[in-house]
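Single-structure report; data block below.
The values are calculated or read from the model by the stated rules, or taken from the named source; none is laboratory data. These numbers come from a predicted model, not from an experiment. Here Cβ is always computed from backbone atoms with ideal geometry, including for glycine, and neighbour counts include all displayed protein chains. Surface areas here come from the heavy atoms of the whole protein model, side chains and all, with no ligands, DNA or RNA. Shrake-Rupley method; radii C 1.70, N 1.55, O 1.52, S 1.80 Å.
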Amino acid sequence: MILEQTDINDVILLTPRVYKDERGYFMESYNQKKVDKLIKDNFVQDNESVSNKNVLRGLHLQVPPYAQAKLIRVIKGSILDVAVDLRQSSSTYGKHFKHILSGENKKQLYIPKGFAHGFLSLEDGTILNYKCSNYYHTDSESSIAWNDPDLSIDWGILDPILAEKDRLAENFATFENPF
């Protein structure tokens, strides 16, 4: 597995080695010993979602003490994945990283605690799987507007399909940041 630091502090792109032949392929999607040098989180929950094309989920986070690190991967289809650094002491505070993750490229994105996360599904029936370092806690969930002007994220879409909570998400400037 190849681990690459991104231009956002502590966000890591993982590329597994994929062994293909006439039968199909094999890959190791996660190995704690191999990622332990850069990823210190212990993952306790796996989540999976299916989204149709143009569904945008995010920007979501959980506040402390239920903050979560995530390891995102796409099983089928593709997404534009986005992580926003909310850590006020970070030199990349307020900046974002985005990358296309797909069932084809098999890349994964590690997002540490202190980030908001969102994705845009680029295909119908996209299946996303992600590991979390903490359990989901309803009262600790928060959202920042996907189209916040201060964040200037180019999603490549003007009118995505959104959940009500994402339509009502607050702006970055007024978000009470616990990080």
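A few notes on this one:
- Phi angles of segment 151-156 translate, via the Karplus equation with coefficients 6.51, -1.76, 1.60 and θ = phi - 60°, into HN-Hα couplings of 7, 6, 8, 8, 7, x Hz per residue; Gly and Pro are given as x.
- Here the Debye sum runs over all C-alpha atoms of the chain as equal scatterers in vacuum, and log10 of I(q)/I(0) at q = 0.19, 0.20 Å⁻¹ comes out as -1.39, -1.54.
- Simple label model, 7 Å out from Cα along Cβ direction - Thr174 to Tyr30, nm: 3.6
- Paramagnetic reach from Lys40 (point 7 Å along Cα→Cβ, amide N under 17 Å) across segment 126-154: 133-134
- Solvent-accessible surface (1.4 angstrom probe) belonging to Asp41, in square angstrom, nearest 10: 30
- Note, ³J(HN,Hα) from phi for segment 107-121, Karplus 6.51, -1.76, 1.60, rounded to Hz, x at Gly and Pro: 6, 10, 10, 9, 10, x, 4, x, 10, 9, 10, x, 8, 10, 6
- Under 5 Å between amide hydrogens, built in the peptide plane, is the criterion, and for Trp146 it picks out Leu59 among residues at least 5 positions away or on other chains.
- Convex hull of Cα atoms in segment 117-161, direction-averaged projection (nm²): 4.7
- As a fraction of the 1.4 Å probe accessible area of the chain, surface on carbon and sulfur atoms comes out at 47 percent.
- D (Stokes-Einstein, µm²/s), Kirkwood Cα radius, segment 1-98, 1.567 mPa s at 4 °C: 82
- Segment Val63-Arg23, extension gain: residue separation times 0.36 nm, minus the distance between their alpha carbons: 9.9 nm
- Shown in residue order for segment 19-26 are the 3J(HN,Hα) couplings computed by the Karplus curve 6.51 cos²θ - 1.76 cosθ + 1.60 at θ = phi - 60°: 9, 10, 8, 5, 7, x, 8, 9 Hz (x for Gly and Pro).
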